[in-house]
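Worksheet: the structure to be examined is printed underneath.
Just so it is clear, none of the values below were taken in a lab; they were calculated from the coordinates. Being a predicted model, the structure only gives us computed values, none of them experimental. No Cβ is skipped: glycine too gets one built from the backbone with ideal geometry, and neighbour counts run over all protein chains shown.
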Amino acid sequence: MALWAVLSALSPIRAVWFTLGASFLLNVLLQLVPPSSLPSFALLQDLIRYGKTKYGGPPRPAVCRRFDVPKRYFSHFYIVSVLWNGFLLWCLIQFLFLGAPLPHWLHTLLSILGPTQAQGGELALSAFLVLVLLWLHSWRRLFECLFVSVFSSSVIHVVQYCFGLAYYVFLGLTVLSQVPVDSRDGAVVHCNYQIPFGDWFEYVSSPNYLAELMIYVSMAVVFGFRNLTWWLVVTYIFFCQALSALLSHRFYQSKFVSYPKHRKAYLPFVF
């Protein structure tokens, strides 16, 4: 009842991010419980694991394999983000600098998601800057997926794939919802896993997840420290990336006997 009271007091967009953050926190805590003390959660494990971490989990039911899609489909997330958030950025530029109204359907959708927490030009310019950063971040990740990352034969669950597509659509809407809107009308060498060393790898197993968190924290700083909506986004990112980092860390520990003992999964010296 207490959780429902909290959710009912939040705007729809904040309730979504709060729920996502709480869900991934629960998943992180479940990973810390000894497997022997819990009943089998084969389906749940299959939904939260992707890529290499699927091989380190419990045996997968045969039916789960029917819903696999290649992990290289990650590039689709960033194609959608570049196109969708580029469109939102274009709409915001038209609105802020040229005086054109937002499309009626978009204005209605933002009204349904919930009102902004404050009014003022500073918040609108902050949202513009965050949307620019998000769009550039999507371009960078798309470039990495197409020309840097080696996906080999790794897979993701189709539910994860659909979630990833929806995530970047909803993320852009979250940024735009912070705008006070009035009524104006390389070459692949091999696919084997090795222990990485140097730079951030000396402290955490997955510095890419830590860097992702820092990107969203920097966006929160642009919005201002009192922007609750974006801090709920950051909270979700924190626990989502923590779960992925923990699973990757355990994969490396199970695969390499000599894996560095001092190296943490996600946060240097902490976790």
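Observations, loosely collected:
- Residues 255, 54 arranged by fewest to most Cβ contacts within 10 Å: 255, 54
- Along principal axes, Cα extents of the chain, largest first, whole Å: 62, 52, 40
- Peptide packing for 16-28, 139-151, 166-178 was compared via the average number of neighbouring C-beta atoms within 10 Å per residue; ordered from the highest value, the list is 166-178, 16-28, 139-151.
- Near residue 155, the amide H atoms lying under 5 Å from its own belong to 51, 71; only residues 5 or more places off or on other chains count, and H is placed 1.01 Å from N.
- Rounded, prolate or oblate (a/c below 1.5 giving rounded, otherwise prolate when a/b exceeds b/c) for region 66-111 by Cα gyration tensor: oblate
- Taking a ≥ b ≥ c as the square roots of the eigenvalues of the Cα gyration tensor, region 61-180 is classed as prolate, since a/c reaches at least 1.5 and a/b is larger than b/c.
- Residue 267 long-range amide H proximity, modeled H, under 5 Å: none
- Less than 5 angstrom separates the built amide H of residue 204 from those of 264, all sequence-distant by 5 or more or on a different chain.
- Derived scalar couplings ³J(HN,Hα) [region 253-268; Karplus, 6.51 cos²θ - 1.76 cosθ + 1.60; whole Hz; x for Gly, Pro]: 5, 6, 8, 10, 5, 8, 5, x, 6, 7, 6, 8, 7, 9, 10, x
- MRE, 222 nm, helices only [DSSP H, n ≥ 4, -39500 (n - 2.57), over the chain, to nearest 500]: -20000 deg cm²/dmol
- Counting only lysines at least 8 places from residue 261 when in the same chain, those with an alpha carbon closer than 25 Å to its own are 52, 54.
- Length gained on full extension, residue 258 to residue 193: 22.0 nm, using 0.36 nm per residue less the C-alpha separation.
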